[in-house]
Amino acid sequence: MNMTSSDVLIRLKNLSMQFGSFKAINNLSLDIHRGEIVGFLGPNGAGKSTTMKIMANILRSTSGEVWIRANGELEKMTSLNKDYLLDHLGFLIENPYFYKNSTPRQILTYFAKLKGYPRNLIHDRVVKVIRMVDMEEWIDKKLGTFSKGMRQKIGVVSAFVHDPDIIIFDEPHTGLDPKARREVRDLILKLKELKKTVFLSSHLLYEISEVADRIAIISHGELVTCDTLENLEQMTRNSVIQLEILETSIESTIILKKIRDTINSIVEEKDVSYDSDDNTYYIRFDGSPKNQLEILKQLLLNNIDVLEFSVPKAGLLEDLYLKFVSESDQKYRELNMSPIKVESKI
């Protein structure tokens, strides 16, 4: 995805947030581009929700700036223009709360009016977004009768009922069962088809790996990396191919040796392993698409009957996430470690 400065819809510039002596965000800078989905990952307390609350003007940062593109111009958010700029964004911040006696139609109509959506179009717009989450039959039911997952889905659509350019979701999968999570995942991809830009945090790495164009990881308030999953795997040389072999009558040790010999010009012997529990061979490589193709090509040329060949993105993202967070933890401990006092004895 080739991006230019004119494609930047949100710019976070040197954001810091201090709560007493605790620094929740430390000099965070990030550009979010038109039409992309950015997954925002980090441990509990890393600063994800704080960052999003600053973007929504719920919190005011200790220092730094938020820039938002509106009507073609990238503008710094101030107390004078915040309402105008924020009308171009939609937010789902943490767990939404709605009055139990209200209905989805009332809630969504309220948010559409609040954000300045044309009043003569609100009725049709509300019906349209409710249909997007398959809840037409519930549109006039009281939210007090809804499950947590159903209320969460209303929260999700309330974020974009006014048809904003940019949508910010903080943990949109919270409280959802697997079916509903898939519906929300499909909805996020639908928003991208509609040329929307999505900034999305989640603890569910699989959901992020399925939708995100770029992955941003925050730890101890600092942005430790932001790139495409493909670029991150090449940087860390941490991609894994899973192989299932058609021939099961041959000893796994023999097949393992044959695989190693076949691709020894691409990967080292230690990078090829076998798991007897799932009857799967694993090849760790640098993530290069060229090398991935060459590995498959060499396996087939040497009559290794590959039944299944895959590079699972969810498992890869988990490995990358743990690597970056672990490195950040180590750096944080080193920076905050008190000097050890040594008393001399005379």
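Excluding residues on the same chain fewer than 8 positions from LYS290, give the lysines whose Cα lies under 18 Å from its Cα. Leaving aside lysines fewer than 8 places away in the same chain, those within reach of LYS290 are LYS313. Its Cα centre serving as origin, the range 68-208 has a Cβ charge dipole (Lys and Arg +1, Asp and Glu -1) of approximately 280 debye. If only the Cβ of Lys and Arg carry +1 and only the Cβ of Asp and Glu carry -1, the dipole of the range 127-168 around its Cα centre is close to 240 debye.
More than 37 angstrom separation, counting every C-alpha pair in the chain; what % is that? Value for the chain: 33 percent of Cα pairs lie more than 37 Å apart. When exposed loop sites are taken as chymotrypsin sites (Phe, Trp or Tyr not before Pro) in a DSSP loop with at most 15 other Cβ atoms within 10 Å, the longest stretch of the chain clear of them is 100-346. Of all lysines in the structure, the ones whose alpha carbon falls short of 29 Å from that of LYS142, not counting any fewer than 8 places away in one chain, are LYS53, LYS100, LYS113, LYS115, LYS128, LYS153, LYS179, LYS190. Simple rule: put +1 on each Lys or Arg Cβ and -1 on each Asp or Glu Cβ in the chain, find the dipole, and look at ILE107, ILE250, GLY45; the Cα lying farthest toward the positive end is ILE107.
Using Cβ point charges alone (K and R +1, D and E -1), the dipole size of the range 234-311 about the Cα centre works out to roughly 360 debye. Using +1 at the C-beta of Lys and Arg and -1 at the C-beta of Asp and Glu, which of SER273, LEU300, ILE263 has the Cα lying farthest in the positive direction of the dipole of the range 234-311? The residue sitting farthest along the positive end of the dipole is ILE263.
Shape class of the range 234-311 from the Cα gyration tensor (axes a ≥ b ≥ c, square roots of the eigenvalues): prolate, since a/c reaches 1.5 or more and a/b is larger than b/c.
Quick note: the coordinates plus some simple rules give every number you see, no bench work behind them. None of these values were measured; they are calculated from a predicted model. Glycine gets a Cβ as well: all are built from the backbone with ideal geometry, and neighbour counts include every protein chain shown.
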